[in-house]
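Each remark here refers to the structure printed beneath this line.
Since every read-out is calculated from the coordinates, none of them should be taken as a lab result. Owing to the predicted nature of the structure, the values given are computational and were not obtained by experimental measurement. Using ideal geometry, Cβ is built from the backbone for each residue, glycine included, and neighbour counts are taken over all protein chains shown.
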Amino acid sequence: MKINKRNIQIVKSLIFILVIVFISILIVKIPYLLNKKGYAVKKSGNEVLAPPFSVSSINYKGKMLSLKNYRGKIVLVNFWATWCPPCRHEIPRLEKFYKLHKKDGFVLIGLSVNNQGKKYVLHFVKTFKGGIITYPVGMADYSIQKSYGYIYEIPQSFLINRKGFIVKHITGELPRGYLTYEFNKLNGSKN
């Protein structure tokens, strides 16, 4: 095999691309590697107390979304964004489930990770499929995302029992029927 300048340049380019990919992966994963204390959702045994937060609702003026206000209820905290196709796909099912079960002590809190701001997200909430989103929505700041284990992938959902413990952490779109199954387990045993 004859080595020429073109082959050398191709090899150098491939090495450069691999180095960039490796560095990018490190940048994303470094918080997990360096700051284990801040990763509050990591399970070390059974259940983990849900990290507290308090944000104002963008679609219910004057309403504060705080886990301490919902103690005694089953809560689903759903991290999402307007630009995320799986998030948009699961919203109608989340909305339907919320409407069916809010009388049974179910609370759904949507926490948007959008960086476009509250006005943009509020416009989306009011106009998405004719304004179907009626569950409370707030903005997830960095400290909330960090306390829930650095939200780098969305959607992510955390199911919290009546005592305030995270009992399920789901990354990706919730499968059909999953929420019904988990809610019935929690509601039947009154965790």
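Only counting other Cβ atoms within 10 Å, I'd like GLU182, GLU47 sorted with the fewest neighbours first.
GLU47, GLU182
Looking at this model, which pairs from LYS68/LYS118; LYS99/LYS163; LYS68/LYS99; LYS96/LYS126; LYS126/LYS168; LYS63/LYS96 are more than 18 angstrom apart at the alpha-carbon?
LYS68/LYS118; LYS99/LYS163; LYS68/LYS99; LYS126/LYS168; LYS63/LYS96
Add +1 for every Lys or Arg and -1 for every Asp or Glu among the other residues with Cβ under 14 Å from the Cβ of LYS119, and state the total.
Every neighbour counted, the sum reads +3.
Neighbouring Cβ atoms within 10 Å as the yardstick, rank MET64, MET139 fewest first.
So the ranking, lowest neighbour count to highest, is MET64, MET139.
Hey, how many Å between the Cα centroid of the range 91-109 and the Cα centroid of the range 58-83?
12 Å
If the range 48-189 were replaced by its equivalent ellipsoid, with semi-axes equal to the square roots of 5 times the Cα gyration tensor eigenvalues, what would those be, largest first, whole Å?
21, 17, 15
Which order, highest average first, do 65-72, 104-111 follow once you tally other Cβ atoms within 10 Å for each residue and take the mean per peptide?
Sorting 65-72, 104-111 by mean packing, highest first, produces 104-111, 65-72.
Tell me, in nm to one decimal, what length is gained between THR127 and THR171 on full extension, where the rule is 0.36 nm per residue of separation less the Cα-Cα distance?
13.3 nm
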